[in-house]
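Below you'll find the structure, written out as structure tokens, and then a few comments.
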Amino acid sequence: MHHQLCVDFYQYWLSCKQDGGLPPLSAFSPEKLAEFDDSGWIFALQDDEIVFQYLGEKSALVFSESMIGKPVGELHARSMREMQLGLIKPCFSLKIGISRISRVWYGHRHKEVEGLMLPVIDSESGAITIVGVSVTFVDPDSRDIIYFNASLVERIVSQNYLSFGQKIDFSILNAHCWAVLDTMGATISVDGIPLEHEKTGLAGEAGLEAVKAAHAKVLCVAPTEDFSFISNRIGERYNLHLVETEQEARWFLKSDLIDILITVEKFGDTTGVELIKQAQEISDYTACVLLLDQQAQAEDSREEKEGKLVYHLVRPVGEFALRKALDDANAYVMAKRRHKDT
């Protein structure tokens, strides 16, 4: 767990345990959950569906309509529902928890989300219910909306099951779940130890959705005349956003999850080198590609220093060279993120 809100919620859950058993659901009233930045929620298992029973006001605001009483699976593309249910259902059947880091599309930007799911017991019925919180790492924006009628594009970066000392048989995660997760590049672990599994391929609609979720977010800062060159070569392979000014670039670098920054050597009143410096100060998880003007001393290079990666590519850049640099940069960034979450 990385966000302090998740740490605080987990400590409260631990404090409510009774005689070594699970905490009671009654300890997680709406009034109590509101104390956790209005970001709490409650899931119940009904007719083999995981359903929203409660959603804190801050969490509810990001959905285009009320989610109470609706299945969690309906937020996701149909092809993704089997995987999502397969990942969460063990919390009910095995009475275990989940700490998950995801990248979620909020209608106009991606945000990193940390979610915590913990089991509690309804003292009257004996049913297992899941309580938790969901929190982002950047300030909210009025445009942050997850639309109910649109498929939620979520890239699971890491999911750690909290076993609470139990021995867990994870054969319940079928080959389809693993294939989707592998395509996303997700790490699944138990108490911080990655689970071993046989890797299989993934085809069909689920494969397309998983590949879409796994696309690197690329911000390109360049004059308009360079847009067609760049978008024609990498637009379908990456989640690409094109801007012309330093002001626009700084907004995206601060507010969105940018895996790779591409910038030309000179634009407006600043330079690509200065923009790269700003990007690296804002985020440890942004690799950079600087497109150099043709000069006698200019040459292609890869520079890795103090955990920061910068590619220098001399213009005009060939499609293969650009894609190779972006693929390598994305793999580098994803490896850093996964290392942080283990």
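When you go through (1) closer than 25 Å to Ser123 by Cα; (2) in contact with a Lys or Arg (Cβ under 7 Å, 6 or more places away or on another chain); (3) open to solvent by 60 Å² or more (accessible area, probe 1.4 Å) one by one for Ile68, which number turns out not to apply? All conditions pass for Ile68, except number (2). The set of residues from the range 171-193 being open to solvent by 10 Å² or more (accessible area, probe 1.4 Å), within 21 Å of Val333 (Cβ to Cβ), part of a helix (DSSP H, G or I) and touching a residue at least 24 places away in the same chain (Cβ under 8 Å) comprises just one member, Thr183. Listed conditions (1) open to solvent by 40 Å² or more (accessible area, probe 1.4 Å); (2) over 21 Å from the mean Cα position of the chain (by Cα); (3) at pLDDT 95 or above are all met by Gln18, apart from (3).
A quick yes/no check of all residues on (1) over 16 Å from Ala216 (Cβ atoms); (2) touching a residue at least 24 places away in the same chain (Cβ under 8 Å); (3) under 20 Å from the mean Cα position of the chain (by Cα):
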| position | (1), (2), (3) |
| --- | --- |
| Ser231 | no, no, no |
| Tyr238 | no, yes, yes |
| Ser255 | yes, yes, yes |
| Leu261 | no, yes, yes |
| Glu265 | yes, yes, no |
| Thr271 | yes, no, no |
| Leu291 | yes, yes, no |
| Ala296 | yes, no, no |
| Glu299 | yes, no, no |
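The lone criterion from (1) open to solvent by less than 40 Å² (accessible area, probe 1.4 Å); (2) in contact with a helix residue (DSSP H, G or I) (Cβ under 8 Å, 6 or more places away or on another chain); (3) more than 26 Å from Gly107 (Cα to Cα) left unmet by Lys266 is number (1). No other residue among Glu306, Glu319 is surrounded by fewer than 19 Cβ atoms within 10 Å (Cβ to Cβ) and within 14 Å of Ile276 (Cβ to Cβ) apart from Glu306.
For first residues located in the range 14-33 and closer than 14 Å to Lys95 by Cα, partners that are open to solvent by 50 Å² or more (accessible area, probe 1.4 Å) and not hydroxyl-bearing (Ser, Thr, Tyr) and lie 6+ apart or on another chain with Cβ distances below 6 Å form the pairs Leu22/Ile121; Pro23/Lys17. With the structure loaded, tell me whether Ser99 is of a type in the set (Ser, Thr, Tyr) and closer than 25 Å to Ser125 by Cβ or whether it fails that test. No: the conditions fail for Ser99.
For the range 83-92, the condition holds for no residue, the condition being that it is out of contact with any Leu (no Cβ under 8 Å at 6 or more places or on another chain), open to solvent by 30 Å² or more (accessible area, probe 1.4 Å) and outside any helix (DSSP H, G or I). Screening the range 93-129 for residues that are in a loop (DSSP other than H, G, I, E, B) and aliphatic (A, V, I, L, M) and picking the one that is surrounded by the most Cβ atoms within 10 Å (Cβ to Cβ) gives Ile96.
Taking first residues from the range 197-222 that are within 30 Å of Lys277 (Cα to Cα) and among the charged types (D, E, K, R) and partners that are modelled with pLDDT under 70 and part of a loop (DSSP other than H, G, I, E, B), the Cβ contacts under 8 Å between residues at least 6 apart in sequence or on separate chains come to Lys212/Val153. Before we move on, is Ile172 under 30 Å from Phe252 (Cα atoms), touching a Gly at 6+ places or on another chain (Cβ under 8 Å) and at pLDDT below 90? Judged against the criteria, Ile172 is not a match.
For the range 151-165, the count of residues that are at pLDDT below 85 and open to solvent by 40 Å² or more (accessible area, probe 1.4 Å) is nonzero. Within the option set Ser59, Ser26, being of a type outside the set (A, V, I, L, M), at pLDDT below 95 and either in a helix (DSSP H, G or I) or buried (at least 17 other Cβ atoms within 10 Å of the Cβ) (or both) holds for one residue only, Ser59. Among the residues of the range 242-260, the one identified as open to solvent by less than 30 Å² (accessible area, probe 1.4 Å) and more than 20 Å from Phe137 (Cα to Cα) is Val243.
The values are calculated or read from the model by the stated rules, or taken from the named source; none is laboratory data. Note that the structure is a prediction, hence the values are computed from the model and not measured. No Cβ is skipped: glycine too gets one built from the backbone with ideal geometry, and neighbour counts run over all protein chains shown. Areas reflect the complete protein model, heavy atoms only, side chains present, ligands, DNA and RNA absent. Shrake-Rupley method; radii C 1.70, N 1.55, O 1.52, S 1.80 Å.
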